[in-house]
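S.K.: After the C-alpha cells below, expect a handful of questions from me.
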Amino acid sequence: MRRVFDSQLIGPFAAMLIVALIVALTTDRFLDPGNLSNLSLQVSIVALIAIGSSIVIFAAGIDLSAGSMVALLTMIFAQMLKFAGIPIFVALPAILLVGALLGFGLGIITAYGRIPSFITTLAALIAFRGLALTFNNGSPIFSLDPALETVFYGRLFGLPLPFFYLVFFYAMAAIVMNFSKLGREIYAVGGNPAAAVLTGINVKKVQAITFAIAGFMTAVGAILMSARLNSGSPNYGQTLELQAIAAAVVGGASLAGGRGNVLATLMGAMTIVIVQNGLNLNAAPSSVQNVVLGLIILLAVGIDMWRAEISRFLSRLRGGATKSAR
Amino acid sequence: MSANDSPLWEFVNISKAYPGVLANDKVCIKLMPGSIHGLLGENGCGKSTMIKTLSGVQQPDSGQILHKGKEVRIADPDDARRRGVATVFQEFSIVPTLSVGENIFLGNMPRNRLGLIDWKTVNDASARVLKKLDIELSPETITGSLSVGEQQLVEIAKAVAMDAEMVILDEPTAALGEHEIEQLHVLLRKMRAQGTSILYVSHRLDEVERIVDEVTILRSGKVVRESGETEINVSEIVAAMVGEDVSEHYPKENNSVDDVVFECQNLRTRFGVNGASFDLRKGEVLGLGGVLGSGRTEIAHAIFGVDKLTDGALLLNGKKIEIKNEMQAINAGFALVPENRKYDGLFFNFRASGNITAAALPRIARRGFLDLAAEAKGTERLMNELEISPQAEKKTVNFLSGGNQQKVVIARWLFSEANILIFDEPTQGIDIGAKIAVYKLMNALTRAGKSIILISSDHDELLAMSDRIAVVQHGHINRVVGAGELSHDDLVRASSYGDAGDARPAAAAARIQTNSNESLAAEAIQ
C-alpha cells in the first residue's frame, strides 16, 4: 500500500540535506535565523503552486499555465481591491474560486476535448499573460491594501505565516493523495489510463479535477505574490510554472504519470530554493543561478533514469572486488 | 532435416546467476541447422536467460558457447547479429508507421552515392525476401495497416533479410489466431528446409507438438529433458515441465444449472458486433469461439459498456438493464479481465492491493476516504486464496511473473464481488502451473454460482473449460452448442468462414478483417 512516508521521500530528502550542507559550508550566513526565515518566505509561493503542478503530473498531465495565471489573478485581485472597492475578505475567496474555475476549464478542454495538456496549458500560458495586460492598460497596480501585507509578512508564534500555509496545504495534499478515493484515482489514471477506464474510474473527470486543484493552488500563490509586493502586475510569475514543475521532478515525480509523492515535491522545492539562496549568499550572478537550476533538473531526472545502471555499476565494483579476491 | 550433423550453436555447461537465483545451472543445448528446436519450461525456468545469452544481451557466468564448433564470446546484441543470430521478441519491434520494406531494412538501410536511402534497393530486396518466404505483401504497404499475424511475418522476414542462420522466436504466436499460426508454421518449415536453425519458445504446447523437431525442457534453471529424451507430445512435455504427472491439465467441473442469469439480444455496435444473441446460465462457462478479429472481444466490450450499443438489449435476471459505461457495468456485477493485462489490465505503479481494489474503491471508501485497514485485509485474504506471491505486496506489480500478474487482475473482480465475469484470453503467456490455477479458480467461481464468459484462442482450453460454446463469426453468433458435441476440428471449421481448404487462410482472414465494414454492409443488405 502507498504510505505517506515511503521510500520515495528518502532520495529527495537526502538531496535537500546534501545541498543544505554544501551551502552551509560555503557561507556562514546560511544558518542565520534571519536567512532561514527568509528561506521559508522564498520557497512558499513556488512550493504552494508546486502542489498543484505535482498532482497534475501524477495524473500524467502537465500544467504550464501557472506563471501566467499568477499574473492574471494578481491583476484581477488588484482591480477588485483598488478600483472596485471589494473588501479583502470577499476578494480573497473570490480569487481562489476564479483560479479553481480557470484550472477546471483547462482541465475540461484537455480531458473532454482530447487535447494534450501540454498544448492547452501552453495556449493558456500565452493567453493568460495577454489577458493580464488588458487590466489597467497593462500597468501594474500598486498599494492595494495595507492589511494585505499581513497575509505574507504576518507572524504567529514567532514564525512567518507562509510557513503555516505550507504546513496546512501540504498536510491536506498528503492526506488527499494517500488516503482519499480521489487520490487513489489520480494515481490510477496516471499509472494506466486504459486500465482505469476498465475499472470504472471516470478518467476524464479525474483529469479535470487535477487541473482545478492546480488552478486553486495557483490562486493561493497569486494571493501571496500580491501580498508580498502589495500590488498586482502583468509581469509577475514569469517562469514560475517551470520552477514548480522542476520542484516536482526534483522530488522524483515521473512525468509519465502515476509515480511521485507530494511531500517529496516540497523537498524538491526546498532544494531548488536552497541552491538559489546559496548562490545569492555567495554573490553569484543570476545568470549562473539559472544555469545551475537547469543542471539540477537534469541531474535529478538523470539519477532517476539511471538508477538501474548506477546500482549495476556499484554491484560490479563490489563483484569485481570479490572475484579478484577469489 | 539437413544432412549436416554438427551443431550450429552449442551451449556447454552455461551457468548464470542473478542475485538470489541460479537462473541457468550448467545448461547444455545443441542447436542443429535445418531444425526447429522447442525450448520449453514454466515461467522462471531459465528460458529467457538462455535467449538473452544467445542474443548477446548478457554474458554467462561460466561455461562455453560454441559456434560451428569454435568457442566464441557473444559480446553484445550487435555481435550476435553479425554472427547470424536474429531474435524475434514477444513484443514486436516493428515500427507501425513505416512501410514493410523500411521495417525489413530498419537499421541497415541501403544508401546510394549521396548517402540517401536507396528506395529502389529497399523495395526490390524486400520484395525478394518476401517472395522467398511466400509472403504476399507489398514492400510499400504501411505496416500498421496489417493484421497482427501479418506484422509477425514481417518481423520474421526482417530476420531472414539479414541472412540469419539462427532465428530465436519468443512466444511468436501469443497474439495470433489459428489461421495465422498455421501460416507462420508454413513459413518456419520453409526456413527449416533452407537450412535455418530455429529456437522456438512457446506456452502453447499443442502447437509446439505440431511444429518442433526436438525439444529441450528446463526446470528451475536446469535441463530436465535433453533433445531426444522426450517424445514430443503434450502430456509428456507437461509432466516434464511441472515435474509431476499432471493428469488434470484441464480440471473442469460442471457447475452449470438451468437458470438463465444473463441474456444478450441482438447486440450491435459500430465496432464489429453485428446482431449477437446468447444467454448465460448460472454457474456456466460459456466459451466464445472464433478466429482473431471475429468480434469476440468486441462482444465483451459491448456488454461491459466500453462500446456503445447501437441496437439490442441486455437482460440481467430477466430484467432489462442499461449499461452506458464501465462503471455501470461494474455496479451491475460484471467484470472484464482484458485480453492484454499489460495494456489495459494492470497499474504498474501500484502494488497488488492497489490493483485489486481499483474496481471497487467505493466498497472501501467512507465519505471519500479509503479504509486502508479494510483494503489490506481484503487484499491479504484474496492473495492467500489465489496463492499470489507475497512479493506482490512488497513491490509494484511489474516485478511479478505473468501468472501472478494475471491472478492479481482476476482478484480485482473477486474483490468487486462480480457475478458475471468475462475472461478474455485469461491464460495467454502464462505458464502451465498458473494456467491450471486459473482453471481451478474458474471452477471455484462457477461452484459459487457465478457465471463466466470465456474468450480463448487456445481451442483445447476453450473446448475443455466451457460448458457450451458460442461460435462467433463477423460479430454474429452462428450457433451455440454443448462443448462436448464439438471437436477441435469442428471448432476450427465452424469459425473459419468455410474456406478451410484455402491455401492462404490467414490472408483471407486478414482481408476480411480489413474490409470488415464493407462485408458487414454487404451482409446487412443480404
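The values are calculated or read from the model by the stated rules, or taken from the named source; none is laboratory data. Note that the coordinates shown come from a computational prediction; the quantities given were computed from them, not determined experimentally. With ideal geometry, Cβ positions are generated from the backbone for all residues, glycine too; neighbour counts draw on all protein chains shown.
S.K.: Are any of the residues in region B:138-147 under 24 Å from B:SER202 (Cα atoms) and in the same structural domain as B:ILE36 (by TED's automatic domain parsing)?
M.R.: Keep residues of region B:138-147 that are under 24 Å from B:SER202 (Cα atoms), which gives B:146-147.
When the remaining residues are screened for being in the same structural domain as B:ILE36 (by TED's automatic domain parsing), the result is B:146-147.
Yes: region B:138-147 contains one or more residues that are under 24 Å from B:SER202 (Cα atoms) and in the same structural domain as B:ILE36 (by TED's automatic domain parsing).
S.K.: I'd like the residue in region B:253-287 that is in contact with an Asp or Glu (Cβ under 6 Å, 6 or more places away or on another chain) and in a loop (DSSP other than H, G, I, E, B) and, out of all such residues, is nearest to the other protein chains (Cβ to nearest Cβ).
M.R.: B:PHE271
A quick yes/no check of all residues on (1) under 27 Å from A:VAL23 (Cβ atoms); (2) at pLDDT 95 or above; (3) surrounded by fewer than 24 Cβ atoms within 10 Å (Cβ to Cβ):
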{"site": "A:ILE186", "(1), (2), (3)": "no, yes, no"}
{"site": "A:GLY215", "(1), (2), (3)": "no, yes, no"}
{"site": "A:ALA219", "(1), (2), (3)": "no, yes, no"}
{"site": "A:SER231", "(1), (2), (3)": "no, no, yes"}
{"site": "A:THR239", "(1), (2), (3)": "yes, no, yes"}
{"site": "A:GLY257", "(1), (2), (3)": "no, no, yes"}
{"site": "A:LEU279", "(1), (2), (3)": "yes, no, yes"}
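S.K.: A further question on this structure: From the list B:ASN317, B:ASN274, which one is of a type outside the set (Lys, Arg) and in contact with a Gly (Cβ under 6 Å, 6 or more places away or on another chain)?
M.R.: Numbers: B:ASN317 fails: in contact with a Gly (Cβ under 6 Å, 6 or more places away or on another chain).
Just one listed residue meets the conditions, B:ASN274.
S.K.: Quick one: which of B:SER294, B:SER247 is away from chain A (no Cβ under 14 Å), at pLDDT below 90 and farther than 30 Å from B:VAL148 by Cβ?
M.R.: Working: B:SER294 fails: farther than 30 Å from B:VAL148 by Cβ.
Only one candidate qualifies: B:SER247.
S.K.: When region B:358-376 is examined, which residues are found to be part of a helix (DSSP H, G or I) and either surrounded by fewer than 16 Cβ atoms within 10 Å (Cβ to Cβ) or more than 8 Å from chain A (Cβ to nearest Cβ) (or both)?
M.R.: To start, the set of residues in region B:358-376 that are part of a helix (DSSP H, G or I) comprises B:358-364, B:372-376.
Residues satisfying the conditions are B:ALA360, B:PRO362, B:ARG363, B:ILE364, B:ALA373, B:ALA374, B:ALA376.
So that you can scan it fast, the table gives a plain yes or no per residue for (1) surrounded by fewer than 23 Cβ atoms within 10 Å (Cβ to Cβ); (2) out of contact with any Ser or Thr (no Cβ under 7 Å at 6 or more places or on another chain); (3) assigned by TED's automatic domain parsing to the domain that holds B:VAL234:
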| position | (1), (2), (3) |
| --- | --- |
| B:GLN151 | yes, no, yes |
| B:MET162 | yes, yes, yes |
| B:GLU171 | yes, no, yes |
| B:ALA174 | yes, yes, yes |
| B:GLY177 | no, no, yes |
| B:GLU209 | yes, yes, yes |
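S.K.: Checking B:TRP413 against (1) away from chain A (no Cβ under 12 Å); (2) outside any loop (DSSP other than H, G, I, E, B); (3) closer than 30 Å to B:GLY41 by Cβ, which single condition isn't satisfied?
M.R.: In the conditions (1) away from chain A (no Cβ under 12 Å); (2) outside any loop (DSSP other than H, G, I, E, B); (3) closer than 30 Å to B:GLY41 by Cβ, B:TRP413 misses (1) alone.
S.K.: Please return the ranges of strands (runs of 3 or more DSSP E) entirely within region B:1-106 where 3 or more residues are away from chain A (no Cβ under 14 Å) and more than 20 Å from B:ASP213 (Cβ to Cβ). Lay out the reasoning, then the answer.
M.R.: Working: elements: B:9-18, B:21-31, B:36-40, B:62-67, B:70-72, B:85-88.
Here the list reads B:9-18, B:21-31, B:62-67, B:70-72.
S.K.: Still on this structure, I have one more. Can you name the residue in region B:288-344 that is assigned to a helix (DSSP H, G or I) and among the basic types (Lys, Arg) and, of all such residues, is surrounded by the fewest Cβ atoms within 10 Å (Cβ to Cβ)?
M.R.: Among residues in region B:288-344 that are assigned to a helix (DSSP H, G or I) and among the basic types (Lys, Arg), the one surrounded by the fewest Cβ atoms within 10 Å (Cβ to Cβ) is B:LYS342.
S.K.: While we're here: Of all residues in region B:328-339, how many are in contact (Cβ under 8 Å) with a residue 12 or more places away in the chain, out of contact with any Phe, Trp or Tyr (no Cβ under 8 Å at 6 or more places or on another chain) and within 9 Å of chain A (Cβ to nearest Cβ)?
M.R.: Initial filter on region B:328-339 (in contact (Cβ under 8 Å) with a residue 12 or more places away in the chain): B:328-330, B:332-339.
Those left that are additionally out of contact with any Phe, Trp or Tyr (no Cβ under 8 Å at 6 or more places or on another chain): B:328, B:330, B:332-333, B:338-339.
Those left that are additionally within 9 Å of chain A (Cβ to nearest Cβ): B:328, B:330, B:338.
Here the count works out to 3.
S.K.: Another question, if that's okay. Checking the conditions here, which among B:THR396, B:THR379 is within 14 Å of another protein chain (Cβ to nearest Cβ), buried (at least 18 other Cβ atoms within 10 Å of the Cβ), free of Cβ contacts under 8 Å to residues at least 40 places away in the same chain and of a type in the set (Ser, Thr, Tyr)?
M.R.: On the way: B:THR396 fails: free of Cβ contacts under 8 Å to residues at least 40 places away in the same chain.
Going through B:THR396, B:THR379 in turn, just one is within 14 Å of another protein chain (Cβ to nearest Cβ), buried (at least 18 other Cβ atoms within 10 Å of the Cβ), free of Cβ contacts under 8 Å to residues at least 40 places away in the same chain and of a type in the set (Ser, Thr, Tyr): B:THR379.
S.K.: Working carefully through the options A:PHE179, A:PHE142, A:PHE169, find the one that is more than 14 Å from chain B (Cβ to nearest Cβ) and either exposed (fewer than 15 other Cβ atoms within 10 Å of the Cβ) or within 30 Å of B:ASN331 (Cβ to Cβ) (or both). Working first, answer last.
M.R.: Working: A:PHE179 fails: more than 14 Å from chain B (Cβ to nearest Cβ); A:PHE169 fails: either exposed (fewer than 15 other Cβ atoms within 10 Å of the Cβ) or within 30 Å of B:ASN331 (Cβ to Cβ) (or both).
On inspection, the qualifying residue turns out to be A:PHE142.
S.K.: A follow-up question, please. Quick test for you: out of A:LEU266, A:LEU198, A:LEU242, pick the one residue that is in contact with a Gly (Cβ under 8 Å, 6 or more places away or on another chain) and free of Cβ contacts under 8 Å to residues at least 60 places away in the same chain.
M.R.: Values: A:LEU266 fails: free of Cβ contacts under 8 Å to residues at least 60 places away in the same chain; A:LEU242 fails: free of Cβ contacts under 8 Å to residues at least 60 places away in the same chain.
The match here is A:LEU198.
S.K.: When you scan region B:172-234 for strands (runs of 3 or more DSSP E) that lie fully inside it, which ones turn up with 1 or more residues that are touching a Pro at 6+ places or on another chain (Cβ under 7 Å)?
M.R.: Values: elements: B:197-201, B:214-219, B:222-225.
In region B:172-234, the matching strands (runs of 3 or more DSSP E) lie at B:197-201.
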